[in-house]
Amino acid sequence: MARRPAGPSPRDGGRRGRLNAAVGAIAPDAATSPKAPAPKPAPPPTDPNLVLMGEFGRAHGLNGEIRLKSYTAEPKAIATYGTLLTADGRSLTLAEVRPAPGTSPDMLIARVKGVSGRSAAEALNRVALYVPRDHLAAPEDEDEVYAADLIGATALDEAGTVIGTVVAVPNYGGGDLLELRPPGGGATALLPFTKAFVPVLDMAQRRVTIVPPEDLFAPPGEKPADDPG
């Protein structure tokens, strides 16, 4: 769940806050960051009672392991929810998860009970995993929201102009972020999920009001000649 308040609080694995209290708040003037185009999120299930918890990616190796993008606040917590459901009514259980190689903390390598061999794992590519909403703890206040409810939400500015769509809610250690794709497609950009940048949440209408910088979707400029990176 995403949460805006600054004070520490226990949170359900599937929830995010507009401030990640465990690591501190992002300053209101924190820089946003353009990113390369990201895959489109999984389509929502027809049952509104289902909450998106993760999505399988490509197979990993030859023994049935598969990459899994987790949308829970603690990525590996997705394996603690027991039986997970798919949009077409299947029930799947994660036998084991571990961090995937690379720098994305929400990307895991998973083993699914009953799935062995690369072909079986490949058949799960792009399959999304859900749990019934009533199996999850309710939000504790108005600043707390399930990350899955943010994904796919329309982002508007304070004048009501559509700025983009939320495609992910990543956290790279400095607090939760909204990853936004512009209406015409193309590279996404990151916006800190704080009250300064996201003053209004309207999850009933799947909308968020944001205060974007003018260069939100501007491509990164050339590095200065003395930049050591």
- [ ] Return the residue satisfying two criteria in turn: it lies in the stretch 166-178 and is more than 12 Å from the chain's Cα centre (by Cα) and surrounded by fewer than 21 Cβ atoms within 10 Å (Cβ to Cβ), and of such residues it is modelled with the lowest pLDDT.
- [x] Gly173
Open item on the list: I'd like the full set of residues that are assigned to a loop (DSSP other than H, G, I, E, B) and closer than 23 Å to Ala77 by Cβ, limited to the stretch 116-138.
Closed with: Leu124, Asn125, Arg126, Val127, Leu136, Ala137, Ala138
Open item on the list: Every residue in the stretch 130-162 that is under 17 Å from the mean Cα position of the chain (by Cα) and at pLDDT 95 or above, please.
Closed with: Thr154, Ala155
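Here is a yes/no grid of residues against (1) in contact with a His (Cβ under 7 Å, 6 or more places away or on another chain); (2) in a strand (DSSP E or B); (3) surrounded by 14 or more Cβ atoms within 10 Å (Cβ to Cβ):
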residue	(1), (2), (3)
Leu180	no, yes, yes
Gly185	no, no, no
Leu190	no, yes, yes
Thr194	no, no, yes
Gln205	no, no, no
Asp215	no, no, no
- [ ] Give the residue that is modelled with the highest pLDDT, with candidates limited to residues of the stretch 33-79 that are assigned to a loop (DSSP other than H, G, I, E, B) and among the basic types (Lys, Arg).
- [x] Lys40
Task: From Gly117, Gly152, residue being under 30 Å from Ile210 (Cα atoms) and among the small types (Gly, Ala, Ser) - done: Gly152
- [ ] State the number of residues belonging to the stretch 98-126 that are touching a Pro at 6+ places or on another chain (Cβ under 8 Å) and of a type outside the set (S, T, N, Q).
- [x] 6
TODO: Could you run through the stretch 74-105 and say how many residues are touching a residue at least 12 places away in the same chain (Cβ under 8 Å), of a type in the set (S, T, N, Q) and either in contact with a strand residue (DSSP E or B) (Cβ under 6 Å, 6 or more places away or on another chain) or closer than 22 Å to Ala123 by Cβ (or both)?
DONE: 2
Open item on the list: Given the condition in the same structural domain as Met203 (by TED's automatic domain parsing) and under 16 Å from the mean Cα position of the chain (by Cα), answer yes or no: does some residue in the stretch 54-64 qualify?
Closed with: no
TODO: Give Asp106, Asp157 a once-over and let me know the one that is acidic (Asp, Glu), in contact with a helix residue (DSSP H, G or I) (Cβ under 8 Å, 6 or more places away or on another chain) and within 30 Å of Glu214 (Cα to Cα).
DONE: Asp106
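The values are calculated or read from the model by the stated rules, or taken from the named source; none is laboratory data. Fair warning: this is a prediction, and the values are worked out from it, not measured in the lab. With ideal geometry, Cβ positions are generated from the backbone for all residues, glycine too; neighbour counts draw on all protein chains shown.
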